[in-house]
Structure formats: structure tokens, C-alpha cells
Amino acid sequence: MSERRRPGRLLPTVLAVVGVLALSGVIAFGVTHLGFLRSGHRSPFVAWTLIAWAVFAAAVLALRFVPAKWMTWLVVGGGLVVGLAAIAGPPNTSTDSARYAWDGIVQHAGISPYAHTPQSTALSGLRPDWLFPDKVDGTCKPLEPRFRGLGDGADGHCVAINRPDVVTIYPPMAQLWFALVRAFVPATAQYMPFQVAGLVVSLGVTVGLVAVLRKLGRPTWWAALWAWSPLVASEAVTNSHVDALGAALATAGAVLVVFGRPIWGGIALGAATATKLIPAIVYPPLLGRWRHWWAIPVGIAFFGLLYVPYVLSTGLDVLGYLPGYLSEEGYEDGSRFALVSLVFHGDAATIVVGLLVLAAAFVAWRLSDPSRPWSGEVLMIGVTFLAVTPRYPWYALLLIPFVVLSGRWEWLSIGLAIALRGVWPSADAYRWWLAAAIAVIVIVTLVRTRRADWGRWGRRLAFRERAIAQSSGAGAAEDVR
């Protein structure tokens, strides 16, 4: 019998291995051959994104049928292979990690990153050539789109940092991360340090998810939704977005709170919020038990504590470019909200979005199981994204770990929609992608609910039949006596 079963068990393993290797090949090809994303060159990136997600889905589907003894090794090993493929080339859709590097370099010179803009001549002595290359024939045109004009008018340099005329936007935990990563490399080191750091964070999240899934008694293949995700490979590793650190800390904080460590969980949640602010939306589903509430004051206190050194050195300028960024992105006037703006405009759109987020927070708080708040987290994060409609795919990193823990895979469709928006900036197309994601979520949720109802009905019927059978048996025994 074992010999007959072996081919059936081996085939999905082979398919999963082939799938993750194919996915790694697709990712490596993209980061080494597509160049840097630019206007008029977006179709190849859209095709690359769709192909990567299709291969990813097929590989995870095969992984579901792999024997348990091999599953965890495949998940972690596959995550390593995919991550290594993602560092085969430099960042290809974003230059944010150039700012990370610069902020780290500035801090190691003993200067606050909130004190000067990258184009400030006060910092000209810190500029490495790879971030500030010389102009070509007096212009930066040949170096676009990865580089642009520095704008200070004082020298003939270009710059890889976006918005070089404003101070940094990133909160203090992100700044500590930038300083930590750059502490181990010289200023001449380019993008690789943050890519390696992103891979380490990604693998850490994978291992952590595997451990939690085992504790919850669920199969570990779910962790591949993070470990093998093209979104994680692209945004956490290739483009090295600090959002991966925020997602890791937010997930760790939620898990610690649920497993009875609200103090440490609050510290992690405070650090997550001080990394990118948006992880604060994971709080509401955790508040179903009184002992979980300790995480709130601890998180707020640690968030404030992280700001202290920077406030002492820079004062209120620690807000950096955040207010200007919110205005630039259209969050203040409501023009930013792709779905809500179809009906509401201006301040009304902002108010409606705020009400939607508050409603999601209330529902997640009231209906979440305090011992298993993962579905509430997915609801909270997913509805927030649908209301706010971020146009940068790295924001969706926060959603994926909670999809893994909840088993609500249909919400990954929001991540795909945002990923497509990142490589094809069409508001109309984005609305269609979001509408498709909503349809997937609604349909799968209804099917899952119907199956659960049928399961409960079947269990009740079976219980009733057993009760009748036992009653009949007791009656028959009485007749015999």
C-alpha cells in the first residue's frame, strides 16, 4: 500500500519545488532584465506581475498536498530561494531605499535626518558617488528615471533620492532601522545592504508564522502566502521597503498580545507604529479582552519614547515631510480615494473614508474572537485599504501575515490590485481591479459561510439521528426485558 501511495505523495512535492523555482526565475528575470520602471515601459511590468502571481498561486496550490514532514522545509527553503532571486538586481520600481541609505549615512555622521534636505550644501561632504553621481554633459537626462537633478544649483550632481528638496518623512523606528543597517557597511555600499536586511526580515516573518501556525494546529503551507509572495519578494526585498519591518513588528505585537504578553506586545506595536504609522490599525481587533488593553498605553508610551532623542536634537521638525506628503498625495482634499471619490468629493470624501475605517474598527472589535483575532485584523486592514486605496504596493505587506493567520486567502486579491496599481497608474483601471477584489472577497465569503451552515446543519442532523437511534435501542431493550 505504501508503494502505491508514494507517487501520489511525491507528485505534489515535485510540482511545488518546480513551482517555487519557476517563480524565482520569473522574479530574477524581472529584476535583471526589465530595468527601472518608467513611463511608456509599464506593460512589461504588468505582464511580469500577473505571471509571477499566477506561478505563485500554482506553486502554493501544489504545496497544500505535500506531506507534512516536508512542508515546513519547503516553505522556508522556498522563501529563501525566492528572496535570493529578488536581490539579483537593484530596486526596479522605487527609489525609496536610496533615501533610507542617505538617512542612515547622515545619522552616522551625528546629524539628525530631520535637520537638512538631501540637496542642502551643509551635507555635501557626506554624499557618496552612487547616490549623487555626476551629470552627463551637464544634464541628468541620460540617468533618468533612476536619477534626477539635485536642484541645489551649486554643483554638477544628480541624485537617486526622490524629493531631494524636502526632509525625510520616516518616523523614528524607521530611522533606527536605517542607522542599524548602514552601521555594518561603508557609505560606498549601495542597495544590497537593505535588500539583504529585507530578506532577513522576510525569513524571520516566515519562521514566526510557521511557529504560530503550529501552535494553532494549522498546516504550515499557509506561511507560503508570505514566504513565496511576489509582493513580498518585490517590496520587502528588491525594493527593500521599511513597511516589511512594520508588518513584522505589527504581527509580532498582535501574536504576543493574544498569547498573554500584552506588555511585550504593546512594545512591538508601538515600534511598528513608529516605523510607518499605518500599523496602528491592527489595534482594534485586539481589544476584546480587558487584559489586552494594557497593550494600548504601553504601545503609545513606547511610540513617544522613540521620538524623544530626535525631538531633543531637532525639535518639532521631527514630523519631517509627513504633512506635505499627505497633502501631495491627495489625502487632505479627498481626491486620493479611488472608490469613495466616485460618489463623494473634497472634504466629504475624507469624512466618509474616516467613517468607514471607524465602522470597520468597531466591527472588528465587537465581533473578533479575542483568542483568534486574525479574521478581525484582515477585515480591519482590508476595509481600510479599500477605503483609503493606497497607490503604492508596499502598503499591502501589512495585510499578508494576517491573511496567513486567518486563512482568509481571498483578501490577497486586494494586494494584487494594489500591486497592479503600482506598475500601471490608471485610476480607472485601479477601480476595476479593486471591484474585482471586492467581488472575489464577497463570493468566497458567501461560499465559506454557506459551507459552514451546511456543516452545522449536518452535525445537528447526525446528532439527532444518533439520539433517535439510542432512544430506539433503549426502548427495544426495555421490551426485551
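The values are calculated or read from the model by the stated rules, or taken from the named source; none is laboratory data. Note that the structure is predicted; figures quoted are calculated from it, not measured. Cβ placement follows ideal geometry from the backbone for every residue including glycine, while neighbour counts extend to all protein chains displayed.
Before moving on, here are some points about what is shown:
- Among the residues of segment 393-414, those that are surrounded by fewer than 22 Cβ atoms within 10 Å (Cβ to Cβ) and either touching a residue at least 60 places away in the same chain (Cβ under 8 Å) or in a helix (DSSP H, G or I) (or both) comprise 406, 407, 409, 410, 413.
- Restricting attention to segment 115-139, the residues that are more than 24 Å from residue 312 (Cβ to Cβ), surrounded by 14 or more Cβ atoms within 10 Å (Cβ to Cβ) and within 33 Å of the chain's Cα centre (by Cα) total 7.
- As a summary of the residue check, residue 437 satisfies the conditions (1) modelled with pLDDT of 95 or more; (2) more than 18 Å from the chain's Cα centre (by Cα); (3) among the small types (Gly, Ala, Ser) except for the one numbered (2).
- Meets criteria (under 30 Å from residue 416 (Cβ atoms), within 22 Å of the chain's Cα centre (by Cα) and charged (D, E, K, R)) for residue 99: yes
- The residue list 171, 164 contains one member that is buried (at least 19 other Cβ atoms within 10 Å of the Cβ) and within 16 Å of residue 245 (Cα to Cα), which is 171.
- The residues of segment 335-354 that are surrounded by 13 or more Cβ atoms within 10 Å (Cβ to Cβ), assigned to a helix (DSSP H, G or I) and hydrophobic (A, V, I, L, M, F, W, C), listed by number, are 340, 348, 349, 351, 352, 353.
- Candidates 248, 280, 252 - the one that is crowded, with 24+ Cβ neighbours inside 10 Å and either aliphatic (A, V, I, L, M) or not assigned by TED's automatic domain parsing to the domain that holds residue 420 (or both): 248
- Matching residues in segment 415-429 - criterion: being in a helix (DSSP H, G or I) and more than 13 Å from the chain's Cα centre (by Cα): 417, 420, 421, 422, 423, 427, 428, 429
- One residue from 77, 89 being surrounded by 19 or more Cβ atoms within 10 Å (Cβ to Cβ) and either within 29 Å of residue 391 (Cα to Cα) or in the same structural domain as residue 395 (by TED's automatic domain parsing) (or both): 89
- Every condition in (1) at pLDDT 95 or above; (2) under 20 Å from residue 421 (Cβ atoms); (3) loosely packed, with under 15 Cβ neighbours inside 10 Å is met by residue 30 except one, and the failing one is (3).
- Flag for residue 24 being under 25 Å from residue 210 (Cβ atoms), assigned to a helix (DSSP H, G or I), in contact (Cβ under 8 Å) with a residue 24 or more places away in the chain and not hydrophobic (A, V, I, L, M, F, W, C): yes
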